[in-house]
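The structure appears below as structure tokens.
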Amino acid sequence: MAQIGVLMQETHGNQTLPKVTGTGDVRDPYPSAMRVHMLSCCGACVVLFAFLSVAAPAKNPAPQQSAARGSTTAADYNDAAYRKFDQTLSFLRERNARQYAIDPAKGVDEASYVSIGGIEQWVTIRGEDRSNPVLLFLHGGPGDVTNPWSFAMFAPWEAHFTVVQWDQRGAGRTLSKSGPSVASTMTLDRMTQDGIELTEYLCKHLGKRKVILVAHSFGTILGLRMIRERPDLFFAYVGTGQVADETQNYTAAYEALLKKARAAGNQQALDELKNIGPPPYANGEGYGVQRKWANRFEGADRFLYGSLGLALVAPGYSVRDLNDSIDGQILSGERLVPQTRSETMKELGLKFAIPMFFFEGTEDFTTPTELARKYLEAIQAPRKEFVPISGGHFAVFMNSDQFLRELVARVLPLAGGH
């Protein structure tokens, strides 16, 4: 809890947190769209701390009044409130562990550190049947680990696939293990090699020839690099929240937001968007307005705060993992966002040797839907399909059932003889 409390002063360890406005700090005047989730989650943790340290004592101010007499202090009261809250969370975690348990006689449920790229990296492997094909999910962000909160969303997937999640270099529990000294090694090239090493490990460890790769947002940059370098390791690639061209991203998003605002008859959105005008912007205000309406139109605000609740009751996780997630998003944003700003379609890749699928939210205003469609049209591959999923940038989570149906219908058959 101490680290979450530090967020209230907008510092974190020895670092200064970016203000939670979606605009980045002075060192990042042109932030990537992929920082949206990082900043939103930071805001969510501030809300959590405020609930624990402000709302609870407000119901009974007596502890503060009696502090001068040497009795119970406000800090004691806050600690007691947190301990009671944590008891409830522990109960819910244990219940969820039972409800989402996998039969070890037939399935697999592993969570451990694996030596990848010279450091220990956190990997989870869950599936109801070892004979199912392996699906490796690459989280976005950068640094936005999905392990702490996706257990309920991916549970239905585990009936069809052995689902692997990985806390990437500098993120989540991997960062917790290595510490921030890995910052200098956090390059796209090094992390691409991490992903390839992990895939090789999975094939050997689980007795498979290849895996299916599903990548979200920032993860799509790594995913495309991985399949370009080692197509022999993958049955197919599925990108969602697909990065298509970082040099055009905000301009395309701005036009899409204007179109949506007009269609919805939302005068407030129109006024605010017209007031900032099209990007690029001289300061962070314009990007903050775009983020605001992208999240509002996609319904992402509700999802992002909901993911915080899931993280608090995830089996095997704790508040410490929330702190690690925040640390990882900050460090990853600082190290990796500058490396992705110039990624165009050509840099991402235009020729691939495996089937390519884009499962895109129908109204993604973060990595714009139509930009992703244009990118897929430009790609050469033995097979390619654009599959619309209801929702926005987080459709893979917010509409995970539809996403799964499309995976089973279109991608699973490609893994025959896995």
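The values are calculated or read from the model by the stated rules, or taken from the named source; none is laboratory data. The structure displayed is predicted, hence computed values, not measured ones. Heads up, the Cβs are rebuilt from the backbone with ideal geometry, glycines too, and the neighbour counts pull from every protein chain shown. Ligands, DNA and RNA are excluded from the accessible area calculation, which covers all protein heavy atoms including side chains. Shrake-Rupley method; radii C 1.70, N 1.55, O 1.52, S 1.80 Å.
If packing is taken as the average count of other Cβ atoms within 10 Å, what order do 351-364, 83-96, 183-196 fall into, highest mean first?
Values: 351-364: 21.1, 83-96: 13.1, 183-196: 17.9.
Top to bottom by mean Cβ count within 10 Å: 351-364, 183-196, 83-96.
Count the net charge of all other residues whose Cβ sits under 13 Å from the Cβ of Val411, scoring Lys and Arg as +1 and Asp and Glu as -1.
Numbers: positive: Lys210, Arg383, Lys384, Arg405, Arg410; negative: Glu385, Glu406.
Neighbour charge sum, excluding Val411 itself: +3.
Whole number in Å², please: accessible area per residue of segment 218-262, 1.4 Å probe, ligands, DNA and RNA not counted. List each step's numbers first, then the result.
Numbers: 1310 Å² over 45 residues.
Per-residue value: 29 Å².
Using the Cα gyration tensor of segment 75-128, with a ≥ b ≥ c the square roots of its eigenvalues, what is the shape: rounded (a/c below 1.5), prolate (a/b larger than b/c) or oblate (neither)? Walk me through the numbers on the way to the answer.
On the way: a/c = 6.56, a/b = 1.55, b/c = 4.23.
Oblate.
Taking all protein chains in place and a 1.4 Å probe, what share, in percent, of the accessible surface of segment 80-198 do carbon and sulfur account for? Roughly 51 percent, rounded to a whole number.
Structural descriptor for segment 152-224: relative contact order 19 percent, calculated from alpha carbon pairs under 8 angstrom and at least 6 residues apart.
Distance from the Cα centroid of segment 329-393 to that of segment 127-168 is 20 Å (rounded to whole angstrom).
Rolling a 1.4 angstrom probe over the protein heavy atoms with all chains in place gives segment 122-188 an accessible area of 23 Å² per residue.
Shape class of segment 270-418 from the alpha-carbon gyration tensor: oblate, with a/c at 1.5 or above and b/c at least as large as a/b.
Remark: the Cα gyration tensor places segment 171-298 in the prolate category, a/c being 1.5 or greater and a/b exceeding b/c. Here segment 332-418 has 50 percent of its accessible surface on carbon and sulfur atoms, given a 1.4 Å probe and all protein chains in place. Electrostatic tally near Met191: other residues with Cβ closer than 13 Å to its Cβ, Lys and Arg +1, Asp and Glu -1, net -1. Packing around the peptides 287-297, 339-349, 369-379, taken as the average count of other Cβ atoms within 10 Å per residue, puts them in this order, highest first: 287-297, 369-379, 339-349.
Roughly how many Å² is the accessible area per residue of segment 363-418, as a whole number, for a 1.4 Å probe? Numbers along the way, then the final one.
Details: 2340 Å² over 56 residues.
About 42 Å² of surface per residue is accessible.
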